[in-house]
Amino acid sequence: MSSMTANIAAAVLIFAAQASAQWAKHPETSIPRASDGKPKLSAPAPKALDGNADLSGVWLTEPDPQGKPGGVENMVLPRYMVNIAADMKPEDVPFQPSAAALFKERLQKQGTDSHIARCKPTGVPIVNSLPLPYKIIQMPQLILVLYEENTVFRQIFLDGRKPVKDAEPRFMGYSSGKWEDDTLVVETVGFNGETWLDVMGHPHSDALRLTERFRRRDAGHLEIEITVDDPKMYTKPITYTPKANLIPDEDLLEYFCTDNEKDVQHFK
């Protein structure tokens, strides 16, 4: 793990190791159980009352299957938290010239100007790739995603609404979704451009249009195909797919990066 990645991820990893055993276990009723009471995570994905796939549950992004332990917690980080272009050769990343220069500058600064390192909101899509759990609450016209990281949330509207013209830019953007068979397709716009796409520093602008395709493969496994489309920063879209595992019978904790934060004073 590079020193830059370690710097930015340190606070996240410290809390990731404490993400269980804070609530008494409460059985997840939508998941079939074996005779010993353990959930059958390979069972078919549950359905919601309206017939759509049920994405509800507490999820944790998988560590990189090709990664190596590192950092203060000796953990394997999620693949796309570190680098959204991990499946590409460096020379194949479709940077616009200005984006390539900004990315190089961030690498040279070893991540000390990262928004995460300074406890600012993590933003979308990187929040889907952190080693901290998130909870999906599904209703027919609205899906809420509650993130343990900095106790932030997203609203994904399924009622056809769109952002107002010239909407105030936000860290999390404005999200609307629709179902395509058993896949939830979410379009998000209206970003403020202040966040990074990963801890390496791949940039985005306020022109970012994000498409996420949520699919629950079975009871215990979720994947989110993410497409980054930002013509100010990239000559063509970039697509990657974080995968997450259900954490049955668990729930979220409160977590704020600013609590006892001591790092920023060292980022000179």
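Annotations
- Entry note, the chain: relative contact order of 26 percent, from Cα contacts under 8 Å with a spacing of 6+ residues.
- Computed FRET value (nearest 0.05) for THR183 with ALA207, which takes r as the C-beta separation and R₀ as 25 Å: 0.50
- Loop-located GluC sites (Glu not before Pro) across region 179-263 with a Cβ neighbour count of 12 or fewer within 10 Å are GLU254, with loop assigned by DSSP.
- The charge dipole of the chain, taken about its Cα centre with unit charges on the Cβ atoms of Lys, Arg (+1), Asp and Glu (-1) only, comes to about 260 debye.
- Projected label distance in nm at GLU168 and ASN245, using a 7 Å step from Cα toward the beta-carbon: 4.1
- Between the beta carbons of GLU223 and LYS120, assuming R0 = 25 Å, the FRET efficiency works out to 0.35 to the nearest 0.05.
- Choice from GLY71, GLY193, GLY37 showing the highest fluctuation, given a GNM over the chain with Cα pairs closer than 10 Å: GLY37
- Extreme residue, positive dipole direction of region 136-239, given options PRO163, ASN150, ILE226 (C-beta unit charges): PRO163
- In the chain, a dipole from Cβ-located charges (positive for Lys and Arg, negative for Asp and Glu) runs towards its positive end, and of SER98, ALA34, TRP59 it is SER98 whose Cα lies farthest in that direction.
- Relative frequency of Cα-Cα separations exceeding 27 Å in the chain, percent: 38
- Based on C-alpha pairs under 8 angstrom that are at least 6 apart in sequence, region 72-217 has a relative contact order of 23 percent.
- Put a plus charge on the Cβ of each Lys and Arg, a minus charge on the Cβ of each Asp and Glu, and nothing anywhere else: the dipole of region 24-96 about its Cα centre is then about 340 debye.
- Between the listed residues TYR80, TYR174, MET139, the Cα displaced farthest toward the positive end of the dipole of the chain, a dipole computed from Cβ unit charges relative to the Cα centre, is found at TYR80.
FYI, it's all coordinate maths here, none of it is from the lab. Since we're looking at a predicted model, the values are computed, not measured. In this analysis, Cβ positions are derived from the backbone assuming ideal geometry, glycine residues included, and neighbour counts consider all displayed protein chains.
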